[in-house]
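Novice: One structure coming up, written as C-alpha cells, with questions to follow.
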Amino acid sequence: MTANKVTGLVLAGGEGRRLGGRDKGLVRWQGEPMAAAVVRAIRPLVASVVVSANRSRADYEALADAVVADPADWSWCGPLAGLLAGLRDAQSRGASAVLVSPCDTPSVTVDLFERLLSAWRCAPERAVFARADRDHPLHGVYPVSVIPVLEEALLDGERRVMAFTRSIDAAPVDVPDAVDQLRNRNRPEDF
C-alpha cells in the first residue's frame, strides 16, 4: 500500500426514489450527468476515480476509471455499502484511502476536495468529513483501515452514515463557505 495514495469514489448506487426511480448520477445538470461534474472535481487530486453503482454500469464506465457494485451481502443497503465497495477497491489498488462524494452534488469543486485531503493528511489514520451548515459525512476521506469496522457495522444492521462516522471517531472539517457545493439535488424541483 502506498502511503497517502488516494482513490476517488463517487457514490451513485441509490434507487432514485425521489426522482421516480431515475438514476440520479445520470440526471442532466448544466448539460452533463451530475456524476460527471463530481468526477471532474475529484479527478485532479486522486490516482483513479471509481463509481459505486448498482445499475447503468456502461454509462458510469464512460465517466470513471472503474465501476463497483455493492457487496453481494449488502446489495442496495445504502451509501455505507457503496463506501465499503469503494474502500475494498481502493485497497486492491494499493491506495490508503478514498476521497468520497455522492453523485448528486454537482456543484462540488476541486478546492473543497483539496481542503478535505489537506485535513486528512495531517492525521491519515483518521477519517474526515465536511461540515458546513450541517455534517456531510459522504463528503470526506476514509482510510482503508476502517474496512473491518464498516463490515461489522453492516453485519450488525447499521445503515446510518453518521452513526458509522461516530463509531470511527471521524473528524469534521469546517467548510462554512461550501454550503451550496454540498447541497444535494435529488428531487424534481431541484432541476
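The values are calculated or read from the model by the stated rules, or taken from the named source; none is laboratory data. Just so it is clear, the model here is predicted, and its values are computed rather than measured. Cβ: placed from backbone, ideal geometry, glycine included. Neighbour counts: every protein chain shown.
Novice: Has the stretch 171-188 got at least one residue that is of a type in the set (A, V, I, L, M, F, W, C), at pLDDT below 95, crowded, with 17+ Cβ neighbours inside 10 Å and assigned to a helix (DSSP H, G or I)?
Specialist: The answer is yes, given that some residue of the stretch 171-188 is of a type in the set (A, V, I, L, M, F, W, C), at pLDDT below 95, crowded, with 17+ Cβ neighbours inside 10 Å and assigned to a helix (DSSP H, G or I).
Novice: Can you report the number of residues in the stretch 118-154 which are assigned to a helix (DSSP H, G or I) and touching a residue at least 60 places away in the same chain (Cβ under 8 Å)?
Specialist: Summing the residues that are assigned to a helix (DSSP H, G or I) and touching a residue at least 60 places away in the same chain (Cβ under 8 Å) in the stretch 118-154 gives 7.
Novice: Could you tell me which of the residues Asp70, Asp89, Asp59 is in a loop (DSSP other than H, G, I, E, B) and either closer than 13 Å to Pro102 by Cβ or of a type outside the set (Phe, Trp, Tyr) (or both)?
Specialist: Asp70
Novice: Under 7 Å by Cβ, and 6 or more places apart or on different chains, what pairs join a residue from the stretch 26-40 that is touching a residue at least 24 places away in the same chain (Cβ under 8 Å) and within 14 Å of Ala62 (Cα to Cα) with one that is assigned to a helix (DSSP H, G or I) and not hydrophobic (A, V, I, L, M, F, W, C)?
Specialist: Leu26/Asp59; Pro33/Gly25; Met34/Lys24; Met34/Gly25; Ala35/Gly25; Ala35/Tyr60
Novice: Something else about it: Within the set of pairs 6 or more residues apart or between chains, which connect a residue that is under 17 Å from Pro143 (Cα atoms) inside the stretch 156-167 to a residue that is aliphatic (A, V, I, L, M) and assigned to a helix (DSSP H, G or I) with Cβ atoms less than 7 Å apart?
Specialist: Once the first residue is under 17 Å from Pro143 (Cα atoms) and sits in the stretch 156-167, its partners that are aliphatic (A, V, I, L, M) and assigned to a helix (DSSP H, G or I) give Val161/Leu80; Phe164/Leu80; Phe164/Leu150; Phe164/Ala153; Ser167/Val149; Ser167/Ala153.
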